[in-house]
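A short worksheet on the structure shown next.
The values are calculated or read from the model by the stated rules, or taken from the named source; none is laboratory data. Because the structure is predicted, anything quoted here is derived from the model rather than measured. Note that each Cβ is placed from the backbone with ideal geometry, even for glycine, and that neighbours are counted across all protein chains shown.
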Amino acid sequence: MALLEVRGLKTHFRTRQGDVRAVDGVSFELEAGETLGLVGESGSGKSVTALSIMRLLASPPARTEGEILFDGQDLLRMDEAQIRSVRGNRVAMIFQDPMTSLNPVLTVERQISEALELHLGMNRAQARRRTIELLELVGIASAERRSRDYPHQFSGGMRQRVMIAMALSCNPRLILADEITTALDVTIQAQILDLLKGLAREYQTAFLLITHDLGIVAGMAQRIHVMYAGRIVEKGTAVDVFANPKMPYTWGLLRSIPRLDEERRQRLTPIEGMPPDLVDPPTGCRFEPRCQYRRDICREQEPGLLTVDGVDHEAACWGTQPVAGGGWLIGRDWRRDMGDLHTLDDIKHEAATVLVGHAGDATESAPADLPPAGP
């Protein structure tokens, strides 16, 4: 049995305009000691998925349905006392912005030791010793002295390390890491990611790594799930998703990653358009309005998440699925297409003859093939 099983998760927010379907039928599994990357643009539902797992969304306006099985227990069926015994103890979360997540009027020591006293029954002296050990573990120098400091006395990278120490305080089996490298410089990003990899190896901690940057998960995750407009549109091993993606949205994300190993500089190709209104999403594929490969079936029917290339690789795209009415993108070399302006023009002309509306107008070349990313 997987450590975490999410089945048919739906989290909708009630507004005056209607229900916002922030997460709309998400399912995935996470094994002990595994790192799963959950990637997508801002607003795709990644953070709401994590907050739903942690039961941190106020209801109303949020309404959550489905199953979230952790160690065989459904977190959504637990009462408040039961979920408090799990949250911060067996399941922890590293939030996106440590400055707004940490309490500005409490010392770092007090904020970390609180969970130790509550969940592990430590006294104040024991909790203090353990807090210093945790700060040393995450690489904070002069940990005993710095433990008495307040959040504003730390740099952004050091605050993120404090959040990691807090998440690790009770030796959780699962950590949800939400955009933990946002607003950090590249050097600090690398240090934080190396720290997480070391913790996963040493303590067999499972990580759900949430980010909008595929480059961040390239060397971290064994598997990657791509989210768009509240749904998972592609899932597979890191090698499959990087080397042989099967969803045009994933192609767009990969094309937006800058390359340092190119012989000549090339301009990045953005994904045109905006994500759909989740109060009234498209009837068919939710990426259809922005997809230059779209056809009528994409607008009329929603594709399922089907196996497209091996048992562990699934994508929700009519164009890459060998089904009736689909399959026109099977065998398409998207890297060649997007690196060749003449080929791109041919794609647009071909699409214009079968689509309702016009194809996208992206004409910039994009990075060539990315090297396979291992776990």
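Scanning the range 158-168 for residues that are surrounded by fewer than 24 Cβ atoms within 10 Å (Cβ to Cβ) and within 19 Å of residue 121 (Cβ to Cβ) yields one hit, 168. Please verify whether residue 132 is surrounded by fewer than 22 Cβ atoms within 10 Å (Cβ to Cβ), in contact with a Gly (Cβ under 6 Å, 6 or more places away or on another chain) and not in a loop (DSSP other than H, G, I, E, B), treating the condition exactly as stated. Considered against the rule, which asks whether it is surrounded by fewer than 22 Cβ atoms within 10 Å (Cβ to Cβ), in contact with a Gly (Cβ under 6 Å, 6 or more places away or on another chain) and not in a loop (DSSP other than H, G, I, E, B), residue 132 comes out as no.
If you go through the range 129-141 and pick out every residue that is over 22 Å from residue 182 (Cα atoms) and within 33 Å of the chain's Cα centre (by Cα), you end up with 7. The strands (runs of 3 or more DSSP E) falling completely within the range 1-116 that include 3 or more residues that are among the charged types (D, E, K, R) map to 4-15, 18-30, 62-70. Of the residues making up the range 273-284, one or more are without any contact (Cβ under 8 Å) to a residue 24 or more places away in the chain and of a type in the set (A, V, I, L, M). In the set 122, 163, 99, 158, only one residue is in contact with a Pro (Cβ under 6 Å, 6 or more places away or on another chain) and of a type outside the set (Ser, Thr, Tyr); that residue is 163.
Just one of the listed residues (231, 201, 259, 255) is at pLDDT below 90 and crowded, with 21+ Cβ neighbours inside 10 Å, namely 255.
In the set (1) surrounded by 20 or more Cβ atoms within 10 Å (Cβ to Cβ); (2) within 21 Å of residue 87 (Cβ to Cβ), residue 147 fails one condition alone, (2).
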